[in-house]
1. Restrict the check to the range 424-433 and report whether at least one residue is touching a residue at least 40 places away in the same chain (Cβ under 8 Å), more than 30 Å from ILE516 (Cβ to Cβ) and under 23 Å from the mean Cα position of the chain (by Cα).
2. Which of the residues that make up the range 140-172 are farther than 15 Å from ALA223 by Cβ and either hydroxyl-bearing (Ser, Thr, Tyr) or touching a Pro at 6+ places or on another chain (Cβ under 6 Å) (or both)?
3. Quick one: would you say LEU11 is in the same structural domain as ALA98 (by TED's automatic domain parsing), within 29 Å of the chain's Cα centre (by Cα) and either hydrophobic (A, V, I, L, M, F, W, C) or exposed (fewer than 15 other Cβ atoms within 10 Å of the Cβ) (or both)?
4. Looking only at strands (runs of 3 or more DSSP E) that fall completely inside the range 316-413, which ones have 3 or more residues that are touching a Lys or Arg at 6+ places or on another chain (Cβ under 7 Å)?
5. Run down TYR249, TYR285 and say which single residue is closer than 19 Å to ILE416 by Cβ and not in a loop (DSSP other than H, G, I, E, B).
6. For the range 235-249, indicate whether the set of residues that are in contact with a Gly (Cβ under 6 Å, 6 or more places away or on another chain), modelled with pLDDT of 95 or more and surrounded by 15 or more Cβ atoms within 10 Å (Cβ to Cβ) is non-empty.
7. Inside the range 394-406, can you point out the residues that are crowded, with 17+ Cβ neighbours inside 10 Å and either within 25 Å of GLU311 (Cβ to Cβ) or more than 26 Å from the chain's Cα centre (by Cα) (or both)?
Amino acid sequence: MPLNHLFIVYLISTLIVFLPSFGLAKLFTKAGAPAWKAYVPFYNTWVMQELAQRPKHWVFWQFIPVVGWFISPGIFIEFVKLFGKFSLGQHTLAALFAPLYFPYLAYKEDPKFIGPDAARKHKKKGWREWVDAAIFAVVAATLIRTFIFEAYTIPSGSMEKSLLVRDFLFVSKLSYGPRIPNTPLSVPFVHNYLPGSSRKSYSELIKIPYTRWFASPVKRGDAVVFNFPAGDTVVNKKDGQSFHPYYQYVRELGRLNEEAGRKLILNDPDGYPLAIHPADKSDNYIKRCVAVAGDTLQISGGRAYINGVVENTPLQSVMPYTVVTSGQALDGDILKEEYGFDFENDIYFNPERTQPLPVNTFEWNLTFEGAEKMKKSGLAKSITPILEAEWMNPAAVEPYVLKNKWQLDNYGPIWIPKKGASLSLNDSTYAIYQRAIRVYEKNDFTTRDGKFFLNGKEVTSYTFKMDYYWMMGDNRHQSQDSRFWGFVPEDRVVGKAWMIWFSWDGGPRWKRLFRIVK
């Protein structure tokens, strides 16, 4: 954790225990403690625990980053009990509004000190026991979800067959360092919309700039959960969102003219209701990190090359292949057991093919591991990837992709931005990197008459403020990924897919339970 982040954390902790002091001083006097002790941060909470005859080790828990912010309100609640305050409303005021409530209590209500014995004799009603337990559970689960791990579900087949639809994952927040929420005012356990509605589940009244503690970079080959970078603006309806990105709508409606497309959308707010999301509230995606900051990536013949070296293809990644067998009889059970091929589900369908395939020639979806096994076993005389020659929907990709005549299986080369690295600006680099510079790094960045202007000043180069990553699905032909919308900035990274804790397909997939994600 950077020192400035640590300073901010403990400054907040100090303010939490110091600001109520102006009311605590009088209450300390009533309880028989010197008033000056109320003004010494953390020593005042020690005195509160001493007066309440509660465990003093709670005081030391206050020094755990962030967790301590939730311990101090608990100490305040135990303290107000000494003055006969037992209702849920009074405890809520003590926990959430201590700087205002303690002065009010001390000078307006002027309560009597009843002491720890009388406080212990008070019995909570049954419903209060349940409410208090629920509040504790929500706070504990929120801390775990924010800083340690979170549960996710695989919604689509873009990572098959490494990860399957309806795999339930634990995602580690510790792998890359926990990210502090940009929008802390949010309904617990809900991502960006209230269940069953199109209303946002969070408030932007308080916004926290990108902050990540104990940061560690994403590694090549990691299965990563991240906030969809192009999901900052979405068409807020069922068939919109990240399933049909806003920027794709713009290019489709404008027939690749983005300015015309935006005007059409803005002039029809009922047909295209827009929602703007902060970085931490765009939809969650999961893909594999293929290239990291500073890498140069190129895709040739369906294989990715990183800095000129072919990538270590995930064993369970899926591609369609033309398979020419040696003519021997094919046993479906052996194909499934030995090569992971299922005759019912893995036949490749090519709607553009009008002629029947030659004898002993098949078009199959195979994993990389299965294809390699077939080559070595002699079952297949040849195995050739079936490549995508063009984009089926040109509006689905960023304009620079079409301008460079890149394709799904033949793409790049493209450099992945790195924090502190400088980029020379020209028409080509502007087209590729302008969104990262403008949107992700929050600059006013334009070009005019062959010149480039950054925040009003003419520039010839740009130095990046963040690291970026290139994410792709293991199911390379069925994945909307970086080839479509570009880089993933570090502030969108959520965590690393760690373990499949459950899996369902008409019933539990028992063999997938508690499998570590590779």
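The values are calculated or read from the model by the stated rules, or taken from the named source; none is laboratory data. Computed from a prediction, not measured in an experiment: that's the story for all the values here. Please note: Cβ atoms are built from the backbone with ideal geometry, for glycine as well, and neighbour counts cover all protein chains shown.
1. The answer is no; no qualifying residue exists.
2. Selection gives THR142, THR146, PHE147.
3. On the way: in the same structural domain as ALA98 (by TED's automatic domain parsing): yes; within 29 Å of the chain's Cα centre (by Cα): yes; either hydrophobic (A, V, I, L, M, F, W, C) or exposed (fewer than 15 other Cβ atoms within 10 Å of the Cβ) (or both): yes.
Yes; evaluated as a whole, the condition is true for this residue.
4. Numbers: elements: 318-325, 361-367, 380-385.
So the answer is 318-325.
5. Details: TYR249 fails: closer than 19 Å to ILE416 by Cβ.
Result: TYR285 is the single residue among TYR249, TYR285 that is closer than 19 Å to ILE416 by Cβ and not in a loop (DSSP other than H, G, I, E, B).
6. Kept after step one, since they are in contact with a Gly (Cβ under 6 Å, 6 or more places away or on another chain), are these residues of the range 235-249: 242.
Right, trim to modelled with pLDDT of 95 or more and you get none.
So far as the range 235-249 goes, no, none of its residues is in contact with a Gly (Cβ under 6 Å, 6 or more places away or on another chain), modelled with pLDDT of 95 or more and surrounded by 15 or more Cβ atoms within 10 Å (Cβ to Cβ).
7. We begin by selecting, within the range 394-406, every residue crowded, with 17+ Cβ neighbours inside 10 Å; these are 395-398, 400-401, 406.
Passing the criteria: ALA396, VAL397, GLU398, TYR400, VAL401, TRP406.
A quick yes/no check of all residues on (1) out of contact with any strand residue (DSSP E or B) (no Cβ under 9 Å at 6 or more places or on another chain); (2) modelled with pLDDT of 90 or more:
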{"position": "VAL309", "(1), (2)": "yes, yes"}
{"position": "LEU315", "(1), (2)": "no, yes"}
{"position": "PRO320", "(1), (2)": "no, yes"}
{"position": "GLN355", "(1), (2)": "yes, no"}
{"position": "PHE368", "(1), (2)": "no, yes"}
{"position": "GLU372", "(1), (2)": "no, yes"}
{"position": "GLY378", "(1), (2)": "yes, no"}
{"position": "MET392", "(1), (2)": "yes, no"}
